[in-house]
């Protein structure tokens, strides 16, 4: 009987020693809604509409929404305005982004198109949207379009950085 009690005591003390006490340093930080770990002070874009950060509290950690994200990617802190857009938190703690009907792109109006060198661009609710590329003879090719002009094939390619234009000489057979 004594041996059984001794074995139980040893097993219990081994179990206690193998699972260390979790201090504030070993607990980690915030878990975001997608299961990712976030460090205290880390800020990130959530749902393309709001910016969140991990903050430490006296009882642990929590995630707070601290800014709204405009269509052009700019962050506007709660209580601030930019280009006519307002980021606010109501009395229930809900964060809201109010956009004006026409959000400008600098001095350009929403829907306005303009040319920069061989590219056509458009203001789309505060975001500059690539529209197309011009050939040597000023024919507008839509984004991701192809055009053959005077034995040259032009390609207007939409990339992550905007538009790119490529051209190759083409031999036409008759």
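When Rg and the Kirkwood radius Rh are both evaluated on Cα atoms of the range 32-174, their ratio Rg/Rh stands at 1.19.
Taken over the range 113-168, the percentage of Cα pairs per 10 Å bin, counting from 0 up to the bin with the maximum distance, is 27, 54, 16, 2. So what does log10 I(q)/I(0) come out to for the range 28-98 at q = 0.19 Å⁻¹, using the Debye formula with one equal point on every Cα and no solvent? Result of the Debye calculation: -0.76. On full extension, the segment bounded by residue 91 and residue 136 gains 10.4 nm, given 0.36 nm per residue less the C-alpha separation.
Any read-out appearing in this document is the output of simple, stated calculations on the displayed coordinates, not a laboratory observation. In this text, all values refer to a predicted model and were calculated from it rather than measured experimentally.
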